[in-house]
């Protein structure tokens, strides 16, 4: 029970990696807020966690909208009294087509940044004041190994995930004096439904990516939860401004 009685918000917690984080955090004793744009998915995860004997709250939120994000934080504190952990997982990825950079529309570019970068910033703005009051907090931003490897044909996505690391480092300096640690996790090519169904993906992509790793296989969703639990726990209280690669030794730097 490494997260016993901690209150954690997980954005994009209704599916994919977010759901994995939510279930694992619940097993570790956290009270979990599942924040997702799809409230039906969030409520399904909420029921799963309650059936496990945990405490959970589903909240509908579009992270690119300031009023919804601040309402998410308020509802969390109304229900559980505090915010200890924020996992910034919500992002546009599912259904994003791989295509040349000069065929990406301005609308696609702006939407990607609104969710993946602006949305993360808004969530931190909403949660950080409560962490400051507590004199402690953990913010975990989900980046991606795509920017480390310079993955082509996904420029708007890759660029947002590089921005996440810059945000993480700068905010670790701003929030450090309040006892708030800000770190990021950089997943490798993860076998989620989103990765398996990328439009425009070249044949043999899974095998090619697996061969790039030191461990000879691609990342599974369950591979990522350990790093998230560690960064959310008291064991990481003196770690901030860092990026942890969870990619089987694919991108080494």
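The values are calculated or read from the model by the stated rules, or taken from the named source; none is laboratory data. Small disclaimer: the values here were computed from a predicted structure and weren't measured. Because the Cβ atoms are built from the backbone with ideal geometry, glycine has one as well, and the counts that use them run over all protein chains shown.
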Do we have residue 161 as touching a residue at least 40 places away in the same chain (Cβ under 8 Å) and either closer than 28 Å to residue 110 by Cα or surrounded by 17 or more Cβ atoms within 10 Å (Cβ to Cβ) (or both) here?
-> yes
Restrict the check to region 186-196 and report whether at least one residue is within 17 Å of the chain's Cα centre (by Cα), more than 23 Å from residue 32 (Cβ to Cβ), assigned to a helix (DSSP H, G or I) and at pLDDT below 90.
-> yes
Failed item, numbered, when residue 199 is tested on (1) under 30 Å from residue 133 (Cα atoms); (2) in a loop (DSSP other than H, G, I, E, B) | (1)
Tell me, please, whether a residue that is part of a strand (DSSP E or B) and closer than 27 Å to residue 70 by Cβ can be found in region 141-161.
-> yes
In region 114-150, anything over 24 Å from residue 83 (Cβ atoms) and touching a helix residue (DSSP H, G or I) at 6+ places or on another chain (Cβ under 6 Å) is listed as 144, 146, 147
Would you mention how many residues in region 23-37 are surrounded by 24 or more Cβ atoms within 10 Å (Cβ to Cβ) and over 20 Å from residue 235 (Cβ atoms)?
-> 4
For residue 240, are the conditions met, namely being closer than 24 Å to residue 32 by Cβ, at pLDDT 95 or above and in contact with a helix residue (DSSP H, G or I) (Cβ under 8 Å, 6 or more places away or on another chain)?
-> yes
Quick count over region 27-57, residues being touching a strand residue (DSSP E or B) at 6+ places or on another chain (Cβ under 9 Å) and touching a residue at least 40 places away in the same chain (Cβ under 8 Å), is 6
Pair list, Cβ < 7 Å and 6+ apart or interchain, from region 120-144 residues that are modelled with pLDDT under 95 to residues that are not in a helix (DSSP H, G or I) | 144/186; 144/187
Do we have residue 33 as over 26 Å from residue 162 (Cβ atoms) and at pLDDT 95 or above here?
-> yes
Are any residues in region 1-17 at negative phi and not in a loop (DSSP other than H, G, I, E, B), and if so, which ones?
-> 7, 8, 9, 10, 11, 17
Restricting the search to region 207-225, which residues are assigned to a helix (DSSP H, G or I) and touching a helix residue (DSSP H, G or I) at 6+ places or on another chain (Cβ under 8 Å)?
-> 221, 222, 224, 225
